[in-house]
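Beneath this line is the structure, given in structure tokens, with notes to follow.
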């Protein structure tokens, strides 16, 4: 008889898995079969230490038990609860959850740093949701903000600027194409020069003082973001990536802003396919000036010998 579910043949009579290659995802609290991709267990108990330990005694002191820690939660996802014999059953379970929340809130008064952290984490989650950022980016941005607080880097600076800088740093770490302008716009609704300078200063401060190693961004990362924002067909994005590759072989990309290069490549690719988009439209999406797009466009078109082709 055929198995009712795809992985029934991998299970024993009691429903236990026969998978021999089980891996653990501590970030999401999952056990996964590496052979089939099946999620075997959720909300697993973690015993991993979040800090380095060099002796068995130190490891025992620094090990935590329970679900995976969540930097994006004010209490790191660790909750205290009150047990009582009457806590069992639907009513008892509901009462237990209420008591857990009350215990946490009343355990100690919130300090100014607690309130600052609550506000910041709420902002991080809200802005990340607007931009469609994955959970891992939210967690890393929250961790960066916490470390900045611990080092006193948030003193004298607005919460909005450090939150924006933390999200931008986390996005860069994971290769997302979001620009500083995108994040500020999602945070405040508009972008002015002074705000952008303040966030840029905060970003440089975090990278320097927290020793964050930011990978080099590639122009290709921006292409589909630009194409989607301007409702351009996929063929334009594919052509733009080809143009960037050709420009790289000619040595035109070294030391140049990747956003500006991507914008110029998209502009050229659109022209080659008879689609007219202004340099101003592309510059606004990328977050650079029209002059940058124009200069990169001229350099690439001339070096690749496609000036006459796009002017037809």
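The values are calculated or read from the model by the stated rules, or taken from the named source; none is laboratory data. None of these values were measured; they are calculated from a predicted model. Glycine gets a Cβ as well: all are built from the backbone with ideal geometry, and neighbour counts include every protein chain shown.
Got a number for residues in the stretch 216-250 being more than 19 Å from residue 287 (Cβ to Cβ) and modelled with pLDDT under 90? Reasoning before the result, please.
Initially, the stretch 216-250 is screened for residues more than 19 Å from residue 287 (Cβ to Cβ), giving 233-236, 238-239, 241-243, 245-250.
If we keep only those that are modelled with pLDDT under 90 too, we end up with 250.
Of the residues in the stretch 216-250, 1 are more than 19 Å from residue 287 (Cβ to Cβ) and modelled with pLDDT under 90.
Of all residues in the stretch 283-305, which are surrounded by fewer than 17 Cβ atoms within 10 Å (Cβ to Cβ) and touching a residue at least 60 places away in the same chain (Cβ under 8 Å)?
Scanning the stretch 283-305 gives a single hit, 304.
To keep it simple, each residue is scored yes or no on (1) assigned to a helix (DSSP H, G or I); (2) under 19 Å from residue 186 (Cα atoms); (3) in contact with a strand residue (DSSP E or B) (Cβ under 6 Å, 6 or more places away or on another chain); (4) at pLDDT 90 or above.
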position	(1), (2), (3), (4)
86	yes, no, no, no
120	yes, yes, no, yes
130	yes, yes, no, yes
152	no, no, no, yes
170	yes, yes, no, yes
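Check 193, 200 and return the single one that is closer than 30 Å to residue 158 by Cβ, assigned by TED's automatic domain parsing to the domain that holds residue 152 and out of contact with any helix residue (DSSP H, G or I) (no Cβ under 9 Å at 6 or more places or on another chain). Show your work before the answer.
Values: 200 fails: out of contact with any helix residue (DSSP H, G or I) (no Cβ under 9 Å at 6 or more places or on another chain).
The match here is 193.
Considering each residue of the stretch 213-224, count those that are in contact with a helix residue (DSSP H, G or I) (Cβ under 6 Å, 6 or more places away or on another chain), assigned to a loop (DSSP other than H, G, I, E, B) and under 29 Å from residue 159 (Cα atoms), and give that number.
2
For the stretch 247-282, how many residues are closer than 16 Å to residue 296 by Cα, touching a helix residue (DSSP H, G or I) at 6+ places or on another chain (Cβ under 7 Å) and surrounded by fewer than 15 Cβ atoms within 10 Å (Cβ to Cβ)?
2
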